[in-house]
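Below is one structure, written out as structure tokens; the observations come after it.
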Amino acid sequence: MTDPSATDRHLVIRGLRVATVANPEHEILEGIDLTVRQGEVHAIMGPNGSGKTTLAYALMGHPAYRVKGGEVSWKGRDILKLSPDKRARLGLFLAFQYPTAVPGLSVASFIRSALNARLQGIDKNPDIDPTDSVKGGVSMRDFRNKMREKMALLRMDEGFASRYVNDGFSGGEKKRLEMLQMAVLEPEMAILDETDSGLDIDALRIVAEGVNAMLNPNLGVLLITHYQRLLNYITPDFVHVLAQGRIVKSGGKDLALRLEEEGYGPILREAGLSPDLPDEALLVPKGPELDLEPVEAAH
């Protein structure tokens, strides 16, 4: 593994190869090399079927995916050897493209349980009892205050906390709940899997404002998106094109603008790939028409 002392603030991915459990011989990711540092925003773009969601799920240990090779280190640990809950306790966070509904479980109870688990840490320090404010936990009053603060940030009604998790939620409400979890849990590395998917202009702007308000030197973001327009709202430090299971090109915001203008076809050919589809089918989706001023990132 890479020297832990050099990677405490880095999510380091080397040669990552991943297949599904259902079809283990077919590798969806064929060798991903990527380093995401805390304080950086990395955007991953790519045609449908290129492996973007597979990358997100593999990093968090989704049981439907099998790692066939490679290394992933975070805080000096080989996270591929850790269960998903331990990866979360270590400060990784995944916002789902399609969040699951959990009828009967309130948003407040769900997030408080997650926060308690996060506070206890990966090694479950016996001296810390997250349910006891005297032993390092968060009191109910402090938790309620924190929830109110974060819901105000995301323009969410306080009644949201008593609703059941994603039960009857609109697409925008589901994505805002993902952002609320991120705001309360304060991860150090967040993987946002197409958080912009299915959102109208207003919901997209609110989610982008929420992400920008959370950006800080201790938070790294891996932002997986279909739409360049989201990057008018959340400015990436790096943009990577994922195609046919590999990162074929990396650059800055200008790369995303080029993708919107030209589509993926020219870049795939430059990388020596022969796309099966015509260039017209490899255009970057426009998404909702965003005629508002770009959101400024919080500093």
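The values are calculated or read from the model by the stated rules, or taken from the named source; none is laboratory data. A quick note: this is a predicted structure, and the numbers were derived from the prediction, not measured. Positions of Cβ are generated from backbone atoms using ideal geometry, with glycine treated the same way; all protein chains shown enter the neighbour counts. When the accessible area is computed, the model is the full protein with side chains, heavy atoms only, and any ligands, DNA or RNA have been set aside. Shrake-Rupley method; radii C 1.70, N 1.55, O 1.52, S 1.80 Å.
Once the Kirkwood radius over Cα pairs is known for segment 146-246, the Stokes-Einstein relation at 20 °C and 1.002 mPa s delivers a diffusion coefficient of 149 µm²/s.
Answer rounded, prolate or oblate for the chain, using the Cα gyration tensor with square roots of eigenvalues a ≥ b ≥ c: rounded when a/c is under 1.5, else prolate when a/b is larger than b/c, else oblate.
Working: a/c = 1.84, a/b = 1.31, b/c = 1.40.
Since a/c reaches 1.5 but b/c is at least a/b, the shape of the chain is classed as oblate.
Provide the net charge surrounding Asp33, with neighbours chosen by a C-beta distance below 12 Å and charges set as Lys +1, Arg +1, Asp -1, Glu -1. Don't skip to the end; give the middle numbers.
Values: positive: Arg14, Arg17, Arg246; negative: Glu30, Glu71.
Summing Lys and Arg as +1 and Asp and Glu as -1 gives +1.
Using the structure shown, select from Lys124/Lys146; Lys124/Lys249; Lys52/Lys75; Lys146/Lys253 the pairs with a Cα to Cα distance greater than 31 angstrom.
On the way: Lys124/Lys146 23 Å; Lys124/Lys249 40 Å; Lys52/Lys75 23 Å; Lys146/Lys253 34 Å.
Violating the 31 Å Cα-Cα cut-off are Lys124/Lys249; Lys146/Lys253.
At q = 0.12, 0.25, 0.26 Å⁻¹, what base-10 log of I(q)/I(0) does the Debye formula yield for segment 208-272 when every alpha carbon is treated as an equal point scatterer in vacuo? Listed by q, the Debye log ratios stand at -0.33, -1.16, -1.22. With contacts taken as Cα pairs under 8 Å and at least 6 residues apart, the chain reaches a relative contact order of 23 percent. Where only DSSP H runs of four or more residues are counted, the chain gives -9000 deg cm²/dmol as its mean residue ellipticity at 222 nm, each run worth -39500 (n - 2.57). Residues whose amide H comes within less than 5 Å of that of Ile247, counting only those at least five positions distant or on another chain, are Asp33 (H built at 1.01 Å from N in the peptide plane).
Convex hull volume of the Cα atoms of segment 1-79, normalised per residue: 83 Å³. Note on Lys150: aspartates and glutamates with a C-alpha under 19 Å away, same-chain residues under 8 apart excluded, are Asp142, Glu158, Glu173, Glu178, Glu186, Glu188, Asp202, Glu209, Glu296.
In this label model, Arg66 and Ser109 are separated by 3.8 nm, measuring between points 7 Å along each Cα→Cβ vector. Pull out a ≥ b ≥ c, the square roots of the eigenvalues of the alpha-carbon gyration tensor of segment 75-233, then state rounded if a/c is under 1.5, prolate if not and a/b is larger than b/c, and oblate in the remaining case. It comes out oblate by the Cα gyration axes.
3J(HN,Hα) couplings calculated from phi for segment 94-106 with the Karplus curve 6.51 cos²θ - 1.76 cosθ + 1.60 (θ = phi - 60°) are, in sequence order, 10, 9, 7, 5, 10, x, 8, 7, 10, x, x, 10, 6 Hz; Gly and Pro show x. Of all DSSP-defined beta bridges confined to the chain, some 60% are antiparallel rather than parallel. Reported to the nearest whole Å, the Cα centre-to-centre distance from segment 36-88 to segment 140-162 is 30. For trypsin sites (Lys or Arg not before Pro), the sites in segment 87-128 that DSSP calls loop and that have at most 15 other Cβ atoms within 10 Å are Lys124. Per residue, the accessible area of the chain comes to 46 Å², computed with a 1.4 Å probe over protein heavy atoms only. Peptides 205-211, 46-52 ranked from most to least packed, by the mean per-residue count of other Cβ atoms within 10 Å: 205-211, 46-52. Shown for segment 82-123: the carbon plus sulfur share of the solvent-accessible area, taken with all protein chains present and a 1.4 angstrom probe, equals 60%.
Ligands, DNA and RNA left out, the 1.4 Å accessible surface of segment 138-274 is 44% carbon and sulfur atoms.
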